[in-house]
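A short worksheet on the structure shown next.
Coordinate-derived values only; no laboratory data. Only a predicted model underlies this, so the values are computations on that prediction, with no experimental measurement involved. All Cβ positions, glycine included, derive from the backbone under ideal geometry; neighbour counts span all protein chains shown.
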Amino acid sequence: MLRAPVGDRRLDILEWLKDPAAHFPPQRHGDLVEDGVTAHAVAVKLGVRRRVAETHLGLLARIGLLRTTRIRRRTYYRRDEVRIAEVARLFEKGW
């Protein structure tokens, strides 16, 4: 069931966001670790258009695996470690 919402690209995004400073260049606004990364940065890393990256990020945010922060006119995405741990525990228990 989780395989559909979290495909290979989305798993890559979640992995990159574990250590955003190692995977993304510094941003003009917002701290990579504290605030997260923009859809543009993710799009460049994936090699897709920004709208495609926004779709992936939006889905991950809606299911609770990412948190969002608005700075100026941009949305920054970062992992929600508490929620990810909860989901992992559900799978360990057999759902």
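Structure notes:
- For the chain, the set of trypsin sites (Lys or Arg not before Pro) satisfying both a DSSP loop assignment and a count of at most 10 other C-beta atoms within 10 Å is given as Arg3, Arg28, Arg72, Arg73, Lys93.
- With both residues required to sit in the range 8-92, DSSP beta bridges show an antiparallel share near 100%.
- Note on Arg51 and Glu86: the model spin-label points, each 7 Å out from Cα along the C-beta direction, lie 3.3 nm apart.
- Convex hull of alpha carbon positions in the chain: directionally averaged projected area 6.0 nm².
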